[in-house]
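Heads up, the thing below is written out as structure tokens.
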Amino acid sequence: MMHQRSKLVVKILLLFIACLFLLLFKDFERSINRSVEEIYSLAAGEDKPDTNIVIIHISAEDIERIGPWPIKRSYYALLINSLTKLDVNKIGIEIFLSSRLVTQTIYDKLLQNEIEKSGRVVLSSLAGGIVKNDNYFYTDSLSYPSPKLLNESFSTGHLNYIIEDGVVIPFEVINQGITEEAFSTKLSSIKHPVKSILVNFHSSWKQFRNYSLIEYFDLVNKESVLLKSLKDKIIIIGISDPQYTSTIKTSFDEQLPGVALHAFSLDNLLNSGWLVTGYHLLSAIILILLVLLIIYFSQRVKLKQVFIYLITLSIFAIITFISFSYFNLKIAHAFFILPFFLITLADIGYYILDKKHLLKGALDESEILKSLLVKKENELTRMQQELDFSEDDGSVQIIDKIKKLKSDIEKLRENEEDRTKSERPEIKKAENFFGIVYCSEVMAKTVDIIKKAAPTETTILIVGGSGTGKELAARAIHLLSSRKDKSFIAVNCGALSENLLESELFGHVRGAFTGASANKAGRFETADKGTILLDEIGETSENFQVKMLRVLQSGEIEKVGSSTPHSVDVRVVAATNKELETAVAERNFREDLYYRLNVFRIDLPPLRERKEDIELLAAHFLVNEANQISLSRAVSKALFDCDWKGNVRELESVIKRAVIFAKSDKRDLIRLSDLPKEIVKGSKYNFEDLVLESLREKKFSHSSISETAKELGNVNRTMIAENFRGIVFKTLCENDFEIERSASIIASTNNELVINKVQSKIETFIANIKQDIMNESTKDFSKVKLSFKSKYKNLPAKFHPYLDEIIKANLG
């Protein structure tokens, strides 16, 4: 509980620090906001600008052809004249026509005349430094273009903008009581109550209808019909060559020229499409509350934190994307992103620490066992020296102690080997004969016999125990014969009743028995020209054996329900795990059939007679199941020492099972605990064995946990208590949750007092779990498990599956 509370405090503190940092460092906040807005802009795609706006821009190519810059003002006069004839709505000249350029003043009169005749031209003015006071913008100077100085009635608008979390256009600037409207405001002829706008660059500037100066004059010279569509349009004339104009970067343009900037400003005014900034504070508060919700739900709701974070992140992304892309709202994204990032980092940190805690527990157990091994080896040396000098009376006791120490040391050494990776044999050196993997001499001889028998047409009898690979041998015989391109059919005779077996092998005619609604071909017909394997032939009845003998003698079969014989050309391979000679002697198998089958006999050796192949086969199965997983030395030894009554098939099953257990514990090493008990034979010490043995010696007294912790090297008392809790859970699961039987097994004594103590502890553990389950509002195991984190926290990971089962059992 304290751990959860400390997490909550840390996360809230991180939220506070993040908000304080963003308030102190505004530029950092703005950079995060701009990054998010750029992503949203690109995701939403370009929004077509207003078609009433047309840009005529002076490009680098234009300047090269009619330059140098600045170009003669007579070109502007020609433009105004031409556009006026086309009856455009407004003409905005975004270029400041300075009176300081003496060489240009000779054209001023011509330009003045065209502006006067047009009556729809807006010229550019320039303000000096701009400051904001009480929502008004003031400037220390205001410069007018040369034509304005000649005729004060000419309309002008300032070109100034402010870079502040985007591009801000002041609608009016005031200088000594004189108010100058913005260039775009003059062109729009719209009065808005707002004093400024944040320009929304919602596409590339090339999306505006635009012509270069020379392109436009070419259209004029050609008297193009395209020009007629300029009627009632607002024309903005400016320069696009970045060498002579300032540019800014937007989501869609690396270099957006000033003429385009004012085109977007005009577009925003005409369509009320500028970015709305009035919700910055409100959005910051809402996003901070959203982060607080994440913190709350991650602590309270029974969902994986990754799902909570993904859900919340999705909600944030959807709402802010819609707000920005469709409603043009400027959102304080940084007040969610920075806290969210810090809280996620904190959770990742806690996750790593928890994993380290679990790993440390495993390492501590390993170190304790190593320390105990050294301690017992030293004690053995001392006891042997004591034996050398002891009198006869005490030698028997010393010998018993030495035997016990040697047994303990052997088990502890095996534990050490169980943590050490065994060298995997080189599979390349193994022989793989049609799926039969081997390197032993005995198997090599068997394979040679198969190779000799296969090319013949002789009937073959394969004898071998269950799981030795009889079907693989039969298939190899087929593939090495002249019939390899035909069918290979395998039939397990022992799995079918007599009537079904006959129908399966020989087929039946319609009406032969109830349910025989159509003729059916038997396996012999299907295997015609090929090979048939009759597995477990020794399990068949005498009546069937008679029919089988006829097939082998004549090559003819009779379908069930028919007396008409059918000839088949099938090579028969029989297989059995019985000694048919004994069955013949006991009159359980026909002697004549036996001799027909036993023309060529192949004996498959059991796995216990080909020990050299065990590690090789295990490695082969590991490659198929999980190549990255290895065997421990102790496991390799246990596999080698096993009798393997189920032979290769049993070994394969054991490896598959062990791989599942190792993967579930996220290990790359198969250990003795992953093997069935009958293979391990309880030969090694686990840490829990030492704990349980010590607690038994102390009769599970109140002080037994502390005394055991001290005895095992002053280890943490919690480690002993949690291992005991895990032993209880494991024993309960292995004994169908019967508390009395589990208590008796754990106590390992006939002393009723000790058994009652253990039973009381078990009942307390189960009662606590039941009480916590009753406090839950759900019966969903995955949700309940999430709220039981404290019960899993210190419990060694190897016992977690048993706790899972106990919770499931009590959920009902």
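Read-outs throughout are calculated quantities, based only on the coordinates presented, and are distinct from any laboratory measurement. Note that this is a predicted model, so its numbers are computed, not measured. So basically every Cβ, Gly included, is an ideal-geometry build from the backbone, and we count neighbours across all protein chains shown.
What is the sum of charges around residue 342, taking Lys and Arg as +1, Asp and Glu as -1, for the other residues whose C-beta is under 14 Å from the C-beta of residue 342? Taking every Cβ under 14 Å from that of residue 342, the sum is +1.
Could you work out the local net charge near residue 112, counting Lys and Arg as +1, Asp and Glu as -1, over the other residues with Cβ closer than 11 Å to its Cβ? Don't jump to the answer; show the numbers that get you there.
Working: positive: 73, 109, 117, 148; negative: 108, 114, 116.
Neighbour charge sum, excluding residue 112 itself: +1.
Loop-resident chymotrypsin sites (Phe, Trp or Tyr not before Pro) (DSSP state other than H, G, I, E or B) in region 463-549 with no more than 14 further Cβ atoms inside 10 Å of their Cβ: 513. Sparsely packed loop sites in region 92-174 (the GluC sites (Glu not before Pro) outside DSSP H, G, I, E and B with at most 16 other Cβ atoms within 10 Å) comprise 152, 164. Relative to the longest principal axis of the Cα atoms of the chain, the long axis of helix 717-734 lies at roughly 60 degrees.
Based on other C-beta atoms within 10 Å, arrange 800, 702, 57, 508 from fewest to most. Could you put the intermediate results ahead of the total?
On the way: 800 18, 702 9, 57 25, 508 22.
Ranking 800, 702, 57, 508 by Cβ neighbours within 10 Å, fewest first, gives 702, 800, 508, 57.
Working from label points 7 Å from Cα in the Cα-to-Cβ sense, the residue 286 to residue 69 distance is 4.4 nm.
Local charge for residue 319 was computed over the other residues whose Cβ lies under 15 Å away, with Lys and Arg +1 and Asp and Glu -1, and equals 0.
What the pair-distance distribution of region 190-288 shows, using all Cα-Cα distances binned every 5 Å from zero, is 2, 10, 17, 18, 16, 15, 10, 5, 3, 2, 1, 1, 0 percent. Suppose we look only past 54 Å in the calculated P(r) of the chain. What percent of the Cα-Cα pairs does that tail hold? That fraction is 52 percent.
Return the calculated 222 nm mean residue ellipticity for the chain, to the nearest 500 deg cm²/dmol, obtained by summing -39500 (n - 2.57) across DSSP H runs with n ≥ 4 and dividing by the residue count.
On the way: 32 runs with 432 residues, N = 812.
My calculation for the chain gives -17000 deg cm²/dmol from helical runs alone.
What does the highest-first list of 631-644, 134-147, 14-27 look like by mean Cβ count within 10 Å? If you can, show how the numbers build up before the last one.
Working: 631-644: 20.1, 134-147: 16.4, 14-27: 14.4.
Taking the mean over residues of other Cβ atoms within 10 Å, the ranking is 631-644, 134-147, 14-27.
For the modelled label position 7 Å from the Cα of residue 179 along Cα-to-Cβ, which residues of region 192-209 have backbone nitrogen atoms closer than 14 Å? Of the residues in region 192-209, 192-196 have backbone N under 14 Å from the label point off residue 179. Taking the Cα centre of the chain as origin, work out the dipole magnitude from +1 charges on Lys and Arg Cβ and -1 charges on Asp and Glu Cβ, in debye rounded to 20. For the chain, the charge dipole is close to 1220 debye.
Here the relative contact order of the chain, from alpha carbon pairs under 8 Å that lie six or more residues apart, stands at 10 percent.
For region 610-680, what does the relative contact order come out to in percent, with C-alpha contacts under 8 Å and a separation of six or more? Mind dumping the intermediate values first?
On the way: 65 pairs, mean separation 28.0, N = 71.
Relative contact order, region 610-680: 39 percent.
Provide the convex hull volume over Cα atoms per residue for region 441-608, in Å³.
Numbers: hull volume 18.3 nm³, N = 168.
Enclosed volume per residue, from the Cα hull, is 109 Å³.
List the GluC sites (Glu not before Pro) within region 527-600 that DSSP assigns to loop and that have no more than 12 neighbouring Cβ atoms inside 10 Å.
Values: sites: 536, 539, 542, 556, 558, 579, 581, 586, 591; in loops: 536, 579, 586.
Within region 527-600, the qualifying GluC sites (Glu not before Pro) (loop, at most 12 other Cβ atoms within 10 Å) are 579, 586.
If each residue of separation counts as 0.36 nm, what is the full-extension length gain between residue 718 and residue 451 once their alpha-carbon separation is subtracted? My answer for the length gained is 89.8 nm.
By counting other Cβ atoms within 10 Å of each Cβ, how are 548, 443 ranked from fewest to most?
443, 548
Which log10 I(q)/I(0) values, to two decimals, does region 687-811 give at q = 0.10, 0.13, 0.17, 0.22 Å⁻¹ under the Debye formula with one point per Cα? Taking Cα atoms of region 687-811 as identical point scatterers yields -0.31, -0.52, -0.87, -1.31.
Across the alpha-carbon atoms of region 53-271, the computed radius of gyration and Dmax are 16.7, 54 angstrom.
Roughly how tilted is helix 334-389, in degrees to the nearest 10 and between 0 and 90, from the longest Cα axis of the chain? Roughly 30 degrees, rounded to the nearest 10.
Between the helical axis of 108-118 and the longest alpha-carbon principal axis of the chain there is an angle of about 80 degrees.
Test of understanding: what is the full-extension gain from residue 293 to residue 706, defined as 0.36 nm times their sequence separation minus their Cα-Cα distance? Let's see the in-between values first.
Working: separation 413, 0.36 × 413 = 148.68 nm, distance 4.29 nm.
Here the answer is 144.4 nm.
Students often get this wrong, so check it: of 677/770; 90/148; 11/770; 666/710; 611/677, which have C-alpha atoms separated by over 22 Å? Listed pairs above 22 Å: 677/770; 11/770; 666/710. Placing a label point 7 Å from the Cα of residue 21 along the Cα-to-Cβ direction, the residues of region 332-346 whose backbone N falls under 14 Å from that point are 334-346. Only Cα pairs under 8 Å and 6+ residues apart enter the sum, and on that basis the relative contact order of region 591-741 stands at 17 percent.
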